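Q: Take a look at this one; I'll ask things after.
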Amino acid sequence: MNKDKITFAATANNSKKTYTLRRYVNGKLCTKFRTLPMNQQEFDLCWYNTDGDWKAFLKSEEYVIIKSYFY
């Protein structure tokens with residue numbers, strides 16, 4: 001059984017207190033998300049998020065999908 005490897009890259013926007021997330025599947029960019037604006041405490045805590053944390057975050061409805069890439 002071949003399991004896909006999912007990783008995330010997060011870029012912070014300090015002035016808007018949002019993160020742009022890029023989800024990669026097997027090293028290829030799959031989807032780009034943007035979090036909704038956060039309060040300062042939430043924003044600071046997300047700075048240390050792991051791939052697992054971002055995956056769990058995407059189960060919430062606190063983001064928008066910017067673009068989906070098909071390959």
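The values are calculated or read from the model by the stated rules, or taken from the named source; none is laboratory data. Everything quoted here is computed from the prediction, not taken from an experiment. Heads up, the Cβs are rebuilt from the backbone with ideal geometry, glycines too, and the neighbour counts pull from every protein chain shown.
Q: Looking at (1) of a type outside the set (A, V, I, L, M, F, W, C); (2) modelled with pLDDT of 95 or more; (3) in contact with a strand residue (DSSP E or B) (Cβ under 9 Å, 6 or more places away or on another chain), which one does Gln40 not meet, given that it meets all the others?
A: Evaluating Gln40 over (1) of a type outside the set (A, V, I, L, M, F, W, C); (2) modelled with pLDDT of 95 or more; (3) in contact with a strand residue (DSSP E or B) (Cβ under 9 Å, 6 or more places away or on another chain) leaves (3) as the failure.
Q: Let me ask something additional. When you scan the chain for strands (runs of 3 or more DSSP E) that lie fully inside it, which ones turn up with 3 or more residues that are surrounded by 12 or more Cβ atoms within 10 Å (Cβ to Cβ) and either in contact with a Ser or Thr (Cβ under 6 Å, 6 or more places away or on another chain) or among the charged types (D, E, K, R) (or both)? Before the answer, list the steps.
A: Details: elements: 6-13, 18-25, 28-35, 63-68.
Passing ranges, in order: 18-25, 28-35.
Q: Answer yes or no as to whether Tyr69 is among the hydroxyl-bearing types (Ser, Thr, Tyr) and at pLDDT below 95.
A: On the way: among the hydroxyl-bearing types (Ser, Thr, Tyr): yes; at pLDDT below 95: yes.
Taking the combined requirement at face value, the residue satisfies it.
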